[in-house]
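The values are calculated or read from the model by the stated rules, or taken from the named source; none is laboratory data. Since the structure is predicted, the reported quantities are computational estimates derived from the model, not experimental observations. Positions of Cβ are generated from backbone atoms using ideal geometry, with glycine treated the same way; all protein chains shown enter the neighbour counts. These area figures cover heavy atoms from the full protein model, side chains too; ligands, DNA and RNA do not enter into them. Shrake-Rupley method; radii C 1.70, N 1.55, O 1.52, S 1.80 Å.
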Amino acid sequence: MASSAPSPSADGAQYVLGMDFGTSSVKVVLLETQSKTVSDSCSLPTNPDFSLTHTLAVEQDPVNIIDTLNRCIASLPRDKLQKVIRIGVSGQMHGIMFWKAKTGCCWDKRGDSYMFWPKDVSQLVTWQDGRCSSDFLCSLPQPDSHLSVATGFGCATIFWYLTYRPEFLTDFTTAGTIHDYVVAMLCGLDKCLMSTQNAASWGYFNTHTNQWNMDILRSSGFPVHLLPEPAPSGCCAGFTISEWHGIPTKTAVGAALGDFQCAVYSCMTDRTDAVLNISTSAQLSFVMPTDFVPPAKPDPFSPVSYYPYFEGSYLAVAASLNGGNVMATFVEMLIAWVKELGVHIDGPSVYSHLIETALNQTSSELEVRPTILGERHNTGCLGLVSNISRSNISLGHVTRALCRGIIDNITTMLPTQLLLQTGVKRIMGSGSALARNEILRQEVERAFPLPVHYGDKTVFRSLETT
Ligand SMILES: Nc1ncnc2c1ncn2[C@@H]1O[C@H](COP(=O)(O)OP(=O)(O)O)[C@@H](O)[C@H]1O
Ligand SMILES: O=C(CO)[C@@H](O)[C@H](O)[C@H](O)[C@H](O)COP(=O)(O)O
């Protein structure tokens with residue numbers, strides 16, 4: 001990515017700012033360019049409402065996300081922010097928000113810092129959204145893509161609005177993921193730019209031509225003017241139009257990338273590594289040979305998909321909808337039950353208690369199938385607890401069985417045998433659900449007959465303390 005940012009300061013240090021917009025938290029990191037090491041980081045939860053009274057619509061408020069971003073950036077040392085020469089952005093894929101291009105935000109000076117706030121934007125409809133039923137998805141045109149379309153994918157959500165609430169779409173002129181939105185606001189882009197990684201995650205995008213299925217979409221009355229401009233993954237989207245938290249104007253900003261591709265990029269050091277990332281969701285992936293060409297047609301029943309990575313290559317991925325969110329739902333359920341009984345307990349202490357009790361329970365006959373959100377290739381296969389006896393209902397047993405279930409589920413989607421056949425020699429673990437949960441790590445090490453290594457320990461440690 002080219003940079004027009006200032007030359008090195010007296011101490012020579014320059015920084016790259018990385019930002020990740022996850023489903024549960026915003027994370028920011030400053031990398032020192034010479035040593036390529038993490039100098040500072042911050043992660044704050046966005047506290048999305050995964051309430052137990054569940055509706056099909058799963059939305060998040062961009063104002064809350066940007067507020068969390070501002071708090072994260074403000075926590076970084078200002079003198080280092082003034083020496084940022086590039087900004088890289090990643091985030092939760094598949095989701096969509098809408099905005100008015102000219103008035104999508106307002107810039108404001110608060111204290112010493114310039115920052116922007118969302119204005120004329122919709123809610124973010126996330127990848128967990130369940131409003132598109134199987135019948136609805138079957139009624140949509142067949143995409144010209146090797147990737148099938150699922151509920152929570154941007155183009156499916158636009159089709160849903162077109163069918164049930166067409167007036168909603170007339171309020172907006174453009175759309176993108178939450179991380180595309182941030183890049184567009186920082187760079188003052190009238191037309192949203194979207195990397196091919198994110199575009200593929202919306203459906204109706206052909207990764208051979210790197211174009212949307214314009215003809216198919218137009219002939220269904222789809223509002224194609226809302227679609228972002230596709231851009232190569234890794235390219236520069238533009239330059240900041242204002243000073244931002246001390247970061248100089250005209251700092252280069254990369255087109256936003258997919259979070260799971262970035263997780264792979266950050267810890268795959270060898271082509272024979274497979275990467276297991278567990279955050280809100282979970283992905284197990286490995287890189288395909290450079291000459292791999294994905295099949296012409298989608299297979300909606302396959303648990304493995306092929307997503308664009310960098311420079312024309314692909315990652316094979318088992319993308320499970322059920323990762324750390326299953327543990328989070330268990331914690332919320334316990335808090336809600338205990339509250340009904342008149343006692344208040346807080347989330348972090350529930351997590352640490354559960355992990356501690358399960359450390360003393362090294363195995364369990366209890367079986368938990370954790371697919372509370374179903375899976376894209378098998379939407380009807382919901383969660384199940386079986387083999388319950390009087391002797392295996394303690395918190396330690398349930399936590400152990402739940403964590404084992406999360407790992408067993410993803411290794412059923414992409415079996416270890418297949419990893420071995422493709423030459424995988426090592427598992428790289430990443431994601432803060434894994435970093436913060438020793439039981440999950442133990443179950444990973446039990447499940448794979450391969451060495452398991454974890455991502456950068458410095459980042460792990462700084463996330464554990466937040
Ligand atoms: N105090 C905690 N101890 C252990 N695990 C936690 C704790 N708080 C959250 N988690 C786990 O971290 C997951 C969220 O990870 P995070 O990296 O913030 O997600 P994302 O990248 O999707 O925003 C939760 O789903 C939960 O499983
Ligand atoms: O479904 C896929 C890839 O197809 C996903 O796993 C994808 O990476 C999404 O971005 C996530 O589901 C959201 O990521 P996270 O917040 O769980 O880290």
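Points to keep in mind about this one:
Each row is one residue, and each column tells you yes or no for (1) acidic (Asp, Glu); (2) open to solvent by 40 Å² or more (accessible area, probe 1.4 Å); (3) touching a strand residue (DSSP E or B) at 6+ places or on another chain (Cβ under 6 Å); (4) under 30 Å from Ser266 (Cβ atoms).
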| residue | (1), (2), (3), (4) |
| --- | --- |
| Gln82 | no, yes, no, yes |
| Gly95 | no, no, yes, yes |
| Ala101 | no, no, yes, no |
| Lys109 | no, yes, no, no |
| Phe136 | no, no, no, no |
| Ser139 | no, yes, no, no |
| Ala150 | no, no, no, yes |
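- Residues that are under 15 Å from the mean Cα position of the chain (by Cα) and under 17 Å from Trp202 (Cβ atoms), drawn from the stretch 252-283: Ala256, Leu257, Gly258, Asp259, Phe260, Gln261, Ser281
- Qualifying positions in the stretch 239-253 - open to solvent by less than 10 Å² (accessible area, probe 1.4 Å) and in a strand (DSSP E or B): Trp244, Ile247, Ala252, Val253
- Any hit, the stretch 326-341, residues being assigned to a helix (DSSP H, G or I), in contact with a strand residue (DSSP E or B) (Cβ under 8 Å, 6 or more places away or on another chain) and within 14 Å of ligand 2 (Cβ to nearest atom): no
- Test for Gly455: is it at pLDDT below 95 and either touching a strand residue (DSSP E or B) at 6+ places or on another chain (Cβ under 9 Å) or polar (S, T, N, Q) (or both): yes
- Number of positions in the stretch 167-220 that are open to solvent by less than 50 Å² (accessible area, probe 1.4 Å) and part of a loop (DSSP other than H, G, I, E, B): 12
- Where helices (runs of 4 or more DSSP H) fall entirely within the stretch 377-452, those with at least 3 residues that are more than 18 Å from Ala318 (Cβ to Cβ) and of a type in the set (D, E, K, R) are at 438-447.
- Given (1) farther than 30 Å from Met288 by Cβ; (2) within 16 Å of ligand 1 (Cβ to nearest atom), index of the condition Glu340 fails: (2)
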